[in-house]
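To keep things clear, I will list the structure first and then write my remarks on it.
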């Protein structure tokens, strides 16, 4: 009689015990995903994609168009403008679409990209000529953007711009 509960307890314990092969198969699947991803993605191609996004951002700013930023900047974007103002995506787009500034030119140069797995850091120089409050001005900013590779493609999650000398007050 005492053997039946003991046998039942052993059967339940064996059924609930983790399989020694389960961790191995999980690890093998993880390694396989990493190997297959590295053969499918070309780091130079990814770097060129980020460079294109940086140039596209500069073009969108020149056009005062927020469409690019709605598509590429993440919903939880956090950044700061060149004069230190903290902005989320909505407030950045408001600054870009502001009618108080008219860009004559806005270009991104010296673009450098470093990729770390599914994260990329891009730095560049933004050069702008614009009319602000009736004055013709020009400025240069050092800009950094942090991208994350998501199911929707590369998304900017953070960014910061810093005015380069001579420091000119501007809206971005």
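The values are calculated or read from the model by the stated rules, or taken from the named source; none is laboratory data. Note that the structure is a prediction, hence the values are computed from the model and not measured. No Cβ is skipped: glycine too gets one built from the backbone with ideal geometry, and neighbour counts run over all protein chains shown.
Looking at (1) loosely packed, with under 14 Cβ neighbours inside 10 Å; (2) closer than 23 Å to residue 165 by Cβ, which is the one condition that is false for residue 130?
For residue 130, the failing item is (1).
Mind listing whichever residues of the stretch 118-135 are in contact (Cβ under 8 Å) with a residue 24 or more places away in the chain and out of contact with any strand residue (DSSP E or B) (no Cβ under 6 Å at 6 or more places or on another chain)? So that I can check it myself, show each step before the final result.
Initially, the stretch 118-135 is screened for residues in contact (Cβ under 8 Å) with a residue 24 or more places away in the chain, giving 118-122, 124-126, 128-133.
Once the filter is applied, which keeps residues that are in contact (Cβ under 8 Å) with a residue 24 or more places away in the chain and out of contact with any strand residue (DSSP E or B) (no Cβ under 6 Å at 6 or more places or on another chain), the stretch 118-135 yields only 133.
Given the criterion at pLDDT below 95, surrounded by 10 or more Cβ atoms within 10 Å (Cβ to Cβ) and outside any helix (DSSP H, G or I), identify the matching residue among 74, 38, 25, 82.
Working: 74 fails: at pLDDT below 95; 38 fails: outside any helix (DSSP H, G or I); 25 fails: outside any helix (DSSP H, G or I).
Testing whether each residue is at pLDDT below 95, surrounded by 10 or more Cβ atoms within 10 Å (Cβ to Cβ) and outside any helix (DSSP H, G or I) leaves just 82.
Just wondering, is there one or more residues in the stretch 91-110 that are free of Cβ contacts under 8 Å to residues at least 40 places away in the same chain, in a strand (DSSP E or B) and closer than 28 Å to residue 43 by Cβ?
Among the residues of the stretch 91-110, at least one is free of Cβ contacts under 8 Å to residues at least 40 places away in the same chain, in a strand (DSSP E or B) and closer than 28 Å to residue 43 by Cβ, which makes the answer yes.
Do we have residue 115 as touching a helix residue (DSSP H, G or I) at 6+ places or on another chain (Cβ under 9 Å), in the same structural domain as residue 140 (by TED's automatic domain parsing), part of a strand (DSSP E or B) and surrounded by 13 or more Cβ atoms within 10 Å (Cβ to Cβ) here? Break it down stepwise before answering.
Working: touching a helix residue (DSSP H, G or I) at 6+ places or on another chain (Cβ under 9 Å): yes; in the same structural domain as residue 140 (by TED's automatic domain parsing): yes; part of a strand (DSSP E or B): yes; surrounded by 13 or more Cβ atoms within 10 Å (Cβ to Cβ): yes.
Considered against the rule, which asks whether it is touching a helix residue (DSSP H, G or I) at 6+ places or on another chain (Cβ under 9 Å), in the same structural domain as residue 140 (by TED's automatic domain parsing), part of a strand (DSSP E or B) and surrounded by 13 or more Cβ atoms within 10 Å (Cβ to Cβ), residue 115 comes out as yes.
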